[in-house]
1. Show me the helices (runs of 4 or more DSSP H) entirely contained within the range A:268-373 in which 2 or more residues are within 14 Å of chain B (Cβ to nearest Cβ).
2. Which of the residues that make up the range A:208-242 are basic (Lys, Arg) and within 9 Å of chain B (Cβ to nearest Cβ)?
3. Restricting to the range A:140-158, count the residues that are surrounded by fewer than 24 Cβ atoms within 10 Å (Cβ to Cβ), among the aliphatic types (A, V, I, L, M) and assigned to a strand (DSSP E or B).
4. Identify the single condition in (1) surrounded by 24 or more Cβ atoms within 10 Å (Cβ to Cβ); (2) in contact with a Ser or Thr (Cβ under 6 Å, 6 or more places away or on another chain); (3) at pLDDT 95 or above that A:Val245 does not satisfy, given that it satisfies every other one.
5. So which residues in the range B:60-70 are buried (at least 18 other Cβ atoms within 10 Å of the Cβ) and farther than 18 Å from A:Gly175 by Cα, if there are any at all?
6. Looking for whichever is touching a strand residue (DSSP E or B) at 6+ places or on another chain (Cβ under 7 Å) and within 22 Å of B:Ala58 (Cα to Cα) here; the options are A:Met131, A:Met113, A:Met85. Which one fits?
7. Give the number of residues within the range A:304-336 that are surrounded by fewer than 19 Cβ atoms within 10 Å (Cβ to Cβ) and more than 18 Å from the chain's Cα centre (by Cα).
8. Pairs needed: first member in the range A:93-115, within 10 Å of A:Leu220 (Cα to Cα) and more than 14 Å from every other protein chain (Cβ to nearest Cβ); second member anywhere, in a helix (DSSP H, G or I) and of a type in the set (Asp, Glu); C-beta distance under 8 Å; at least 6 residues apart or different chains.
Amino acid sequence: MTAADIGVEQESFDQWLAGLRFWAARADAAAYGWGPGPIADLLGLAVPEQLGGSGLGYRAACQALATLAEETGRSGLPFSLAAQMWATQEPLIAFGSPRQREVYLSGLITARMVGAFAATEYEAGSDLLSMRTTATRDAAGRWVLEGSKTFVTNGPDADIFVILARTAPGSALGGLTAFCVPRNTSGLTVGPEIAKTALTGARLCSLSLNACAVVGDAVLGQPGGGFAVLMHAMRVERALILAPVAGLMSRALQRAVEYARTRRQFGRPLAEQDAIRAHLVRMRLSLTSVGETLSATAADADAGRLDHTRSSLTKLHVSTEFNTFCQHLPDIYGGYAVLAESGVTDLIADAVASRFYSGTTDMQMKIIAEGMGL
Amino acid sequence: MADDRSLTVIRAAVAEAAAGRAVTDETPLIQERILDSLSLLGLVARLEQELGVVVHDADILPDNFGSIRQIHTFVSTRSLRAS
């Protein structure tokens, strides 16, 4: 049996996690992607058993995402997986019809399909009232989508899109509906991959919707219930999208410690110099805080008590600490920090991006303030 | 049935979101844009904290949050289920 053959159901989670670590550390670039084996196992960790997952929960899933990121040192795939798990699978679990779960959710958690969530538009990010994509009923009773979406994570590879569209004027509450739209739907055009400088490997694109007609059972949840779908996706995504960051930070700290032990300046290792030691200790502090926060938040989700305030607090705290952590790296590495092989500028780019996706830092502040009754 | 305290809490929470605009128990909160996506999250948090009701994401629908009266009916249903 190879590591990739180890199934969650056959082995304890710790053993499975060791298998994932083994696989991730050795998988070559060609093998490192979506597919059956450990990646499919990972996608099903937070999915209830009755829906085809292993039901081990959010905490297990976050550990697995962090382990994958730690072993590979790559943020793209763990981020892509997390985006699918929290923004596509979760809405299907919570709102999907039996057919939608059977066709789409089972495809996603066996890695036979890739899923993407499309809410953002050029002029509507956190500002839902500005959403311009519409869906109207035609004479045949089909929903016809018109508009465009952007910043669609996994879009270039996705087989199924969950798309939010406006179905009534006025407030987002009651005015939005979510639709499951397969990639091959007439009128749906998947744009080219958008070039970016962070989260390499997580592929982004835009979508065009021109007379894109879907039948009534494409509605996810109920007509006018898109806001509930969005809130559910965002509550879980904001809480757990940064789970891979704990692994990335752990790897970066291990490498920085090793560098400080071996690099000598002024006749002694960097690790013996107080300024460098202080940087490394601060990094350890950030890592510890991030790990404990993510773990506690995932435990809250497992217990069914994850609220929007906790989700936004977690997103805000982890992204802030990730950036603080990265600020120490140039002082440790000096000029080596800008060499591609150090990976430092890649990590810094990922940290900067973490302040924006799934809602900006400012948006998290607003949500937290509302939760505080301010 | 939710008690008078529920109605008091709901009225106070909506009044804050209304920021000085006159609101009756029947005012359409969504059409009048008194509740937006952010203030709705604040209202949900307040209902959960002060009234002890659990509001699931699937409950965030116009029929449940369209007016103070509808919110009160929703909270009453939730209270009945919980008891």
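1. A:274-302, A:308-327, A:361-371
2. Passing the criteria: only A:Arg235.
3. Final tally of qualifying residues: 1.
4. Of the numbered conditions (1) surrounded by 24 or more Cβ atoms within 10 Å (Cβ to Cβ); (2) in contact with a Ser or Thr (Cβ under 6 Å, 6 or more places away or on another chain); (3) at pLDDT 95 or above, the odd one out for A:Val245 is (2).
5. Scanning the range B:60-70 gives a single hit, B:Ile68.
6. A:Met131
7. Of the residues in that region, 9 qualify.
8. A:Gln100/A:Asp217
The values are calculated or read from the model by the stated rules, or taken from the named source; none is laboratory data. All figures in this text were calculated on a predicted structure; none of them were measured in a lab. For neighbour counting, all protein chains shown are included, and Cβ atoms are generated from backbone atoms with ideal geometry for every residue, glycine included.
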